[in-house]
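A.B. asks: One structure, pasted below without further comment.
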Amino acid sequence: MDLPPGDPTEFRDVNDPSVAAIADALTAAGVTGGCGPELFCPMRDLTRGQAAALVANAVAQDRVPSGTSGRAHRPTLVDAYARQYTLRRALQ
């Protein structure tokens, strides 16, 4: 998933600039908002439900991958099924 850089969010618990860049991009894309006010919790374990939500949010993004013709991916029935399947499995 190619994401454009996000605006600096200043998560208090992210000190590594490379991790901060990833956290900012994921936040700007709507994949995650961190784990609390001004916290990203990069070392916290994820539950299956949280991991499924991250995957579902990433799949739902309407992004144009770099190096393509410029046509954006439009969600399909397969995408919707994959999202629902992932969420159901995570909640089992």
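What follows is calculated from the coordinates using simple rules that are stated; it is not laboratory data. Since the structure is predicted, the reported quantities are computational estimates derived from the model, not experimental observations. Glycine gets a Cβ as well: all are built from the backbone with ideal geometry, and neighbour counts include every protein chain shown.
A.B. asks: What's the exposure ranking of THR27, THR47, THR32, going from fewest to most Cβ atoms within 10 Å?
C.D. replies: Ranking THR27, THR47, THR32 by Cβ neighbours within 10 Å, fewest first, gives THR47, THR32, THR27.
A.B. asks: Report the dimensions of the stretch 1-44 along its three principal axes from the alpha-carbon atoms, largest first, rounded to Å.
C.D. replies: That gives 23, 19, 17 Å along the principal axes, largest extent first.
A.B. asks: What distance in nm lies between label points placed 7 Å from Cα along the C-beta direction at ARG44 and ASN15?
C.D. replies: It is 1.9 nm.
A.B. asks: Tell me, what HN-Hα J-couplings in whole Hz come from the Karplus equation 6.51 cos²θ - 1.76 cosθ + 1.60 at θ = phi - 60° for each residue of the stretch 15-30, using x for Gly and Pro?
C.D. replies: Residue by residue, the stretch 15-30 yields 9, 7, x, 6, 5, 4, 5, 5, 4, 5, 5, 5, 5, 4, 7, x Hz.
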